[in-house]
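Notes follow once the structure below has been shown.
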Amino acid sequence: MDIELAQCFIAVDDHDKALAFYGDVLGLEVRNDVSFEGMRWVTVGPPAQPDVEIVLEPPLADPMAPQADRRAMAELLAKGMLRGVIFSTADVDATFERIRAAGGEVLQEPVDQPYGVRDCAFRDPAGNMLRFHQPREG
């Protein structure tokens, strides 16, 4: 079987704040930003991976969902309990400093993990956890 990752989804409550973070702070390209049936379809991706996109979607992208479900999803998002993404970087310490200097909410400073990576973690403006790692040398 020959498969590749094309898209993954991250819930955001404010597309403009998300675009500022993912574009300006992380340096991802905006691939799509279009209105669709009363919603907004926004995708971003790493310049070095033109075939991979992150879809920035509302917490509950179903306009017919009951209000109780919408509230529940918004609460989960606010607690940082929805999706997350792990990014790979050549220098996790430099990446950490750049994101922290831009005002990123630090969850974990860079640390060597027992499973072979050095990583750190931040929250995006919506509360999602994003991790950044690099393989440890040696």
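A few points about this structure:
- The condition of being among the β-branched types (Val, Ile, Thr), closer than 21 Å to Cys120 by Cβ and touching a Pro at 6+ places or on another chain (Cβ under 6 Å) holds for only one of Val92, Val44, that being Val92.
- If you filter segment 12-26 down to residues that are crowded, with 20+ Cβ neighbours inside 10 Å and touching a strand residue (DSSP E or B) at 6+ places or on another chain (Cβ under 6 Å), you find that the one that is modelled with the lowest pLDDT is Val12.
- Qualifying residue in segment 27-35 (condition: over 15 Å from the mean Cα position of the chain (by Cα) and among the polar types (S, T, N, Q)): yes
- Matching residues, segment 94-121, being of a type outside the set (D, E, K, R) and closer than 20 Å to Ala20 by Cβ: Thr95, Phe96, Ile99, Ala101, Ala102, Gly103, Gly104, Val106, Leu107, Ala121
- Listed conditions (1) free of Cβ contacts under 8 Å to residues at least 40 places away in the same chain; (2) touching an Asp or Glu at 6+ places or on another chain (Cβ under 8 Å); (3) part of a strand (DSSP E or B) are all met by Pro47, apart from (3).
- Any hit, segment 59-70, residues being buried (at least 17 other Cβ atoms within 10 Å of the Cβ), within 15 Å of the chain's Cα centre (by Cα) and over 14 Å from Met129 (Cα atoms): yes
- Number of the condition not met by Leu60 [criteria: (1) closer than 18 Å to Phe21 by Cα; (2) outside any strand (DSSP E or B)]: (1)
- Flag if Glu53 is surrounded by 13 or more Cβ atoms within 10 Å (Cβ to Cβ), closer than 30 Å to Glu137 by Cα, free of Cβ contacts under 8 Å to residues at least 60 places away in the same chain and not basic (Lys, Arg): yes
- Residue satisfying all of: in segment 74-121; over 17 Å from the mean Cα position of the chain (by Cα) and in a helix (DSSP H, G or I); farthest from Asp24 (Cα to Cα) among these: Glu75
The values are calculated or read from the model by the stated rules, or taken from the named source; none is laboratory data. Computed from a predicted structure; not experimentally measured. Glycine also receives a Cβ, built like all others from the backbone with ideal geometry; neighbour counts cover every protein chain displayed.
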